Amino acid sequence: MISFIISILVLILGYFTYGKFVEKIFGIDQKRETPAVRLRDDVDFMPLPAWRIFLIQFLNIAGLGPIFGAIAGAMFGPAAFLWIVLGSIFAGAVHDYFSGMLSVRHDGLSISEVVGIYLGPNVKQVMRVFTVVLLIFVGTVFLMGPAKIIDGMTGGVWNLWVWVGIILGYYVLSTLLPIDKLISKLYPIFGVAMLLMAVGLLIALVFGDYAIPEIVPSNLRNMTSNPEETPLFPILFVTIACGAISGFHATQSPLMARCMQNEKLGRKIFYGTMVTEGVVALIWAAAAMTFFGNVTDLNGAMLANGNNAAWAANEISLNMLGGVGGILALLGIVAAPITSGDTAFRSARLILADIFKASQKKIKSRLYISLPLFVIAFALTQIDFGIIWRYFAWSNQTLATVVLWTITAYLIYENKAYWVTLIPALFMTMVCSTYILVAPEGFGLANDIAYIGGGLTTIGVLVLFWIYATQRKKVLASI
């Protein structure tokens, strides 16, 4: 329990200390006119109150991540606590802050376009395709995921595909309508519900008869049922993405970059929401480690139920929160993924609009771009959900890695403290390269060989990046 409380306090302290340090490195300009004001179109570019933007951004980036990812990550034991805390402060929040603020500085551009500015046109083309594919994966995952949860909660009263159709219909509306029509009205309600659920679990953990394992050397080991098949490195660092670092966040930040009225709000909206998500992930990880008895019991329960994190989340909510838990579970566990799915499609629309320089003022133009996205996503629902999820998890962390390298290039070009993103960029490069080498959906290599391959890949990426960044800096200086 002591380690858990300290972890929460460290996260909060990180916002006021390291967050302030990162903000100083970027150098905000409170007098600079933001895209929300300068480019206002009352569809995507629209000034919104800071509190509303905070809740929208929080729900955008959260989804199922800090719940399902934290529960699955808890199977590794208290090492998950360390990753959530250190990952959120030094990687995830830094990634979110800079990606959001660079979008603010570049007229609310999507992340693929920002990447192109600092890593060149060739990388931009790759990132355009990669990011849109990732967002379609997200939309598909958050289409089938909540549909299955609702179908289970209602006892199969309706066919699963009826729920899929209803959710898809909502996605169409939220993607096409101006941001103040659905998203800015519904998100604050669902965001508060998700936070209340987390606070309720926190109170239950603190005042209930629960023994949260401590962060001590004997517990900092791989506590999964089969450590050889699920090595702590890199599996834990991909399993817990939202709640530590997630590339998906960089696709969401431009949505709010187009609604901010002042650059001083950046730390609260981008860094602050990531820290908040980290706190939520900590609470769910702690609940998972204790509700079923201990970490070993958690692994046994998950194995017996097909490693179904949705089942575990539902059990924890209903039993630890009582009658209110059912309502909060419905709002938090169902609404949260839906509100990430809809903004995934909205982000994909904006990226494609940026690519083709297509005005989004008319709803007809929005429909032309969005319709193929929905068709592709629906087609992907016919593929095994587990396969989609695994490739989404890896591509999500890979995007985060590319964004970290992009920010590092920006800091080098601006002669600023680039080490704040270089270090996490190197770490995440090692994570992603090792994961794809060791994972069954990747090359399935032996752990030792994968570690060597991951290390060599990371060194190679660093060398190539340094050569390219040096050349690119000269190009940008001449413009």
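The values are calculated or read from the model by the stated rules, or taken from the named source; none is laboratory data. Here the structure is a predicted model, which means the values were calculated and not measured. Note that each Cβ is placed from the backbone with ideal geometry, even for glycine, and that neighbours are counted across all protein chains shown. Only protein heavy atoms, including side chains, enter the accessible area calculation; ligands, DNA and RNA are left aside. Shrake-Rupley method; radii C 1.70, N 1.55, O 1.52, S 1.80 Å.
Restricting attention to the range 410-468 and to residues that are in contact (Cβ under 8 Å) with a residue 60 or more places away in the chain and β-branched (Val, Ile, Thr), the residue that is surrounded by the fewest Cβ atoms within 10 Å (Cβ to Cβ) turns out to be Ile423.
This table checks each residue for (1) outside any loop (DSSP other than H, G, I, E, B); (2) out of contact with any Asp or Glu (no Cβ under 9 Å at 6 or more places or on another chain); (3) over 30 Å from Leu373 (Cβ atoms); (4) open to solvent by 30 Å² or more (accessible area, probe 1.4 Å).
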site: Pro188; (1), (2), (3), (4): yes, yes, no, no
site: Ala198; (1), (2), (3), (4): yes, yes, yes, no
site: Ser218; (1), (2), (3), (4): yes, yes, yes, yes
site: Met223; (1), (2), (3), (4): no, yes, yes, yes
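Note on the range 189-220: residues that are among the aromatic types (Phe, Trp, Tyr) and more than 25 Å from the chain's Cα centre (by Cα) amount to 2. With respect to Ile338, determine if the residue is part of a helix (DSSP H, G or I), within 27 Å of Ile6 (Cα to Cα) and either touching a Phe, Trp or Tyr at 6+ places or on another chain (Cβ under 9 Å) or acidic (Asp, Glu) (or both). Taking the combined requirement at face value, the residue does not satisfy it. The residues of the range 291-315 that are open to solvent by 10 Å² or more (accessible area, probe 1.4 Å) and under 18 Å from Trp83 (Cβ atoms) amount to a single one, Ala309. For the range 92-143, the set of residues classified as of a type in the set (Gly, Ala, Ser), at pLDDT 90 or above and crowded, with 24+ Cβ neighbours inside 10 Å consists of Gly92, Ala93, Ser99, Gly100, Ser103, Gly108, Ser110, Ser112, listed by residue number. Counting only residues that are of a type in the set (A, V, I, L, M, F, W, C), under 14 Å from the mean Cα position of the chain (by Cα) and not in a helix (DSSP H, G or I), the range 32-78 holds 1 of them.
Annotation note: of Ile149, Ile183, Ile179, the sole residue that is crowded, with 21+ Cβ neighbours inside 10 Å, out of contact with any Leu (no Cβ under 6 Å at 6 or more places or on another chain) and closer than 30 Å to Glu441 by Cα is Ile149. Hey, could you check the range 232-251 for residues that are open to solvent by less than 10 Å² (accessible area, probe 1.4 Å) and of a type outside the set (A, V, I, L, M) and say which is farthest from Gly100 (Cα to Cα)? Top of the filtered list is Pro234. In the range 435-474, how many residues are within 23 Å of Gly116 (Cβ to Cβ) and either modelled with pLDDT under 90 or aliphatic (A, V, I, L, M) (or both)? Counting residues in the range 435-474 that are within 23 Å of Gly116 (Cβ to Cβ) and either modelled with pLDDT under 90 or aliphatic (A, V, I, L, M) (or both) gives 12. Scanning the range 208-229 for residues that are free of Cβ contacts under 8 Å to residues at least 12 places away in the same chain and within 18 Å of Ala446 (Cα to Cα) yields Asn226, Pro227, Glu229. Within the range 150-162, the set of residues being within 14 Å of Ala313 (Cβ to Cβ) and at pLDDT 75 or above comprises just one member, Ile150.
Are any of the residues in the range 377-386 in a helix (DSSP H, G or I), within 25 Å of Gly442 (Cβ to Cβ) and at pLDDT below 80? Within the range 377-386, one or more residues are in a helix (DSSP H, G or I), within 25 Å of Gly442 (Cβ to Cβ) and at pLDDT below 80. Among the residues of this structure, Glu277 does not count as one that is on the phi < 0 side of the Ramachandran plot and open to solvent by 10 Å² or more (accessible area, probe 1.4 Å).
Taken over the range 21-31, the criterion of being of a type outside the set (Lys, Arg) and in a helix (DSSP H, G or I) is satisfied by Phe21, Val22, Glu23, Ile25, Phe26. Residue pairs whose Cβ atoms lie under 7 Å apart, separated by 6 or more positions or on different chains, with the first residue in the range 306-326 and among the β-branched types (Val, Ile, Thr) and the second assigned to a helix (DSSP H, G or I) and crowded, with 19+ Cβ neighbours inside 10 Å, are Ile316/Ala287; Ile316/Ala288; Ile316/Phe291. For Ile351, are the conditions met, namely being part of a helix (DSSP H, G or I), open to solvent by less than 10 Å² (accessible area, probe 1.4 Å) and of a type in the set (A, V, I, L, M, F, W, C)? It is true that Ile351 is part of a helix (DSSP H, G or I), open to solvent by less than 10 Å² (accessible area, probe 1.4 Å) and of a type in the set (A, V, I, L, M, F, W, C). In a residue-by-residue description of the range 316-336, the property of being among the hydrophobic types (A, V, I, L, M, F, W, C), open to solvent by less than 10 Å² (accessible area, probe 1.4 Å), more than 21 Å from Ile240 (Cβ to Cβ) and modelled with pLDDT of 80 or more applies to no position. For the range 200-216, taking the residues that are in a loop (DSSP other than H, G, I, E, B), open to solvent by 20 Å² or more (accessible area, probe 1.4 Å) and β-branched (Val, Ile, Thr), the one that is nearest to Ile61 (Cα to Cα) is identified as Ile215.
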